[in-house]
Structures are given as C-alpha cells and as structure tokens.
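A.B. asks: One structure is given below, represented as structure tokens, and several questions about it will come after.
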Amino acid sequence: YTLTLNGGLLFSSGTPPTAGLVWTGTITCQTPPSPPEDCVGGITICSGQTFNNTTTNTGAVADLNFTSAGCLSALERQGTWYNFSPSSSGTVGFTINPSDPLDDYDFALWGPFPPGSNPSTICPPLGAPLRCSWAAPSGATGLNAASTDQSEGAAGDKWVQQLTVTTGQVYLLYISNYSMSGLSFGLTWQLGNGASLDCTVLPVQLLTLTATPAEGKVLVDWATASEMNSSHFVVERSG
C-alpha cells in the first residue's frame, strides 16, 4: 500500500508490507462541506426557481430510517436534499419531471419547521414526512391541487396533495431517483393564493472562525459548509 498527499508519495509499504508501526505524520485539514446528498448539505430553493439536477451518489450519512422515510420503502437512492421557506402564505405545488420519461423519481417532504430553522438544526428529519410518493410508474410526479391523498405507495398515481403554507415556515424535500439511472430531472413550482418562496439566501454558511495572536500579527482561520455566489472574503480588524 502507499500513502499520498496531493499526488505526492508519503510512504510506500513495499511487498510484502512490514508489520508494526512504520510511518507517522501529522496532517492538518478542514472538514469538507456536506454534499447535497446529505440533509445538512441540502440546497436552498429560492424564489420559485426552475432547475435541473441529478446525482449518482447517496451521500456520506444515512439520513433516513424506516420511521422517518415514510413511504420511501427503499430509503435513500441517488437522491438530493433541498430546503425552502415561503415568504408569503398560500398554496404550494411542484412538478418533478425526469429527463427520461421512463425514469422513476420519488420524493418525501417534511415540515413545517419553525421560522429561522436551518439544516444544521432540523437534519435529519425524525418523524414521518408530511407528503410522500413512492409510486411505481415512471414519469412526472409531485404535488398538485387535484390530489387529496398525502402519501402513496407503489400503487399510487405519482401525485399527492399540494401544501397550504404560512410565511416563514421551513420545509425539507428529498428527491430520490429510484431507477438509479444518474439521469437528471427538472423541478417547476405551482405557487397559488399569493404564495412565494423566500429568496433571502446567505451566500456563505460559516462553520468555524478562530483568531490566534502571533508575533506582530493575528492569524485568522475559518471554514465554510457552503458558498453560493460569493467571490471573496474581506477581513477587517479593530483596535
């Protein structure tokens, strides 16, 4: 076996490897941000935007169990987490449309969580989802005004009841590619009765910030969980 760092060889065991302690070292690294395939790394959806997404991963953490997964009997399969918050009350529906009409996408939605909630405090969801579809047919799925059921299994028609939302509430959404095809989907929103989605998205989610005195200077280190549309950092000091 070999140990490498940034492409450089640190140690090679030879063949066969020598028994016992043969190499020691100290590596300093920052925790990488959570991927959107994990609940805490979920993508914030803003302003009723339409987008396309796909994943070939299941993330680093098993966020769902048979209690919290609701109708998603297979738990997590090539899925992505999202979160959104209405900035005004009304009704919310959406359509998940696979790029391949033969693809089978499923979803589950949890909430409402209190205003101001963020993934670090509400992930993973502990209770059953508010809306859930695990319908077997392929094609589009989502929430609409015509449906009256709130959860459906494999025999469902792929549509469950739309949401009635209140300003400030927070929701978690997990969209799962049951087919595990790696093919993308598009998501569009149907916002009614005055509903809109909050577009107040902080560009940086800060994990840590430390300042250490040194000779004639101060050493400042920080780590972020996510960065969106940010170009640079400005560090200011005060006497």
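The values are calculated or read from the model by the stated rules, or taken from the named source; none is laboratory data. Computed from a predicted structure; not experimentally measured. Every residue, glycine among them, receives a Cβ derived from its backbone with ideal geometry; neighbour counts consider all protein chains shown. Areas reflect the complete protein model, heavy atoms only, side chains present, ligands, DNA and RNA absent. Shrake-Rupley method; radii C 1.70, N 1.55, O 1.52, S 1.80 Å.
A.B. asks: Once you list every other residue whose beta carbon is under 14 Å from the beta carbon of GLY153, what net charge do they have if Lys and Arg are +1 and Asp and Glu are -1?
C.D. replies: Summing Lys and Arg as +1 and Asp and Glu as -1 gives -3.
A.B. asks: Please report the net charge: other residues with Cβ closer than 11 Å to the Cβ of GLU76, K and R +1, D and E -1.
C.D. replies: -3
A.B. asks: Separate question: Would you mind calculating the relative contact order of the chain from Cα pairs under 8 angstrom and at least 6 residues apart, reporting the percent as a whole number?
C.D. replies: Relative contact order comes out at 25 percent.
A.B. asks: So, with a 1.4 angstrom probe, what is the percent of accessible area on the chain that is carbon and sulfur?
C.D. replies: 55 percent
A.B. asks: Moving on. Leaving ligands, DNA and RNA out of it, work out the accessible area of SER99 with a 1.4 Å probe and give it in Å² to the nearest 10.
C.D. replies: Near enough 80 Å² of accessible area.
A.B. asks: While we're here: Could you give the longest part of the chain that holds none of the GluC sites (Glu not before Pro) found in DSSP loops with at most 16 neighbouring Cβ atoms within 10 Å?
C.D. replies: For GluC sites (Glu not before Pro) (loop position, at most 16 other Cβ atoms within 10 Å), the longest site-free span of the chain is 1-214.
A.B. asks: Let me ask something else about it. What does the charge count around SER181 come to, taking other residues whose C-beta lies under 11 Å from its C-beta (Lys +1, Arg +1, Asp -1, Glu -1)? All intermediate terms of the calculation are to be shown ahead of the outcome.
C.D. replies: Values: positive: ARG77; negative: ASP100, ASP103, ASP104.
Charge balance in the 11 Å sphere: -2.
A.B. asks: Also: If you take every DSSP beta bridge fully contained in the chain, what fraction is antiparallel? Give it as a percent rounded to 5.
C.D. replies: Taking every DSSP beta bridge within the chain, about 85 percent pair in antiparallel fashion.
A.B. asks: Rolling a 1.4 angstrom probe over the protein heavy atoms, how many square angstrom per residue are accessible across the chain?
C.D. replies: Details: 13230 Å² over 239 residues.
I get 55 Å² per residue for the chain.
A.B. asks: If you filter the stretch 1-78 for chymotrypsin sites (Phe, Trp or Tyr not before Pro), then keep DSSP loop positions with at most 13 other Cβ within 10 Å, what is left?
C.D. replies: Those satisfying the criteria are TYR1, TRP23, PHE66.
A.B. asks: Express the relative contact order of the stretch 42-141 as a whole percentage, based on alpha carbon pairs under 8 Å and six or more residues apart in sequence.
C.D. replies: 35 percent
A.B. asks: Right, here's the next one. Can you give me the C-alpha center-to-center distance between the stretch 112-132 and the stretch 1-17, rounded to a whole angstrom?
C.D. replies: The two parts, judged by their Cα centres, are 44 Å apart.
A.B. asks: Now, a different point. Which shape class applies to the stretch 63-113: rounded if a/c is under 1.5, otherwise prolate when a/b exceeds b/c and oblate if not, where a ≥ b ≥ c are the square roots of the Cα gyration tensor eigenvalues?
C.D. replies: oblate
A.B. asks: Another one. What ranking of THR148, THR141, THR2, THR54 comes out by heavy-atom accessible area, probe 1.4 Å, highest first?
C.D. replies: Reading off the accessible areas and sorting them downward yields THR148, THR2, THR54, THR141.
A.B. asks: Using Cα centres only, tell me the gap between the stretch 62-85 and the stretch 139-156 in whole Å.
C.D. replies: With the stretch 62-85 and the stretch 139-156 each reduced to a Cα centre, they are spaced 16 Å.
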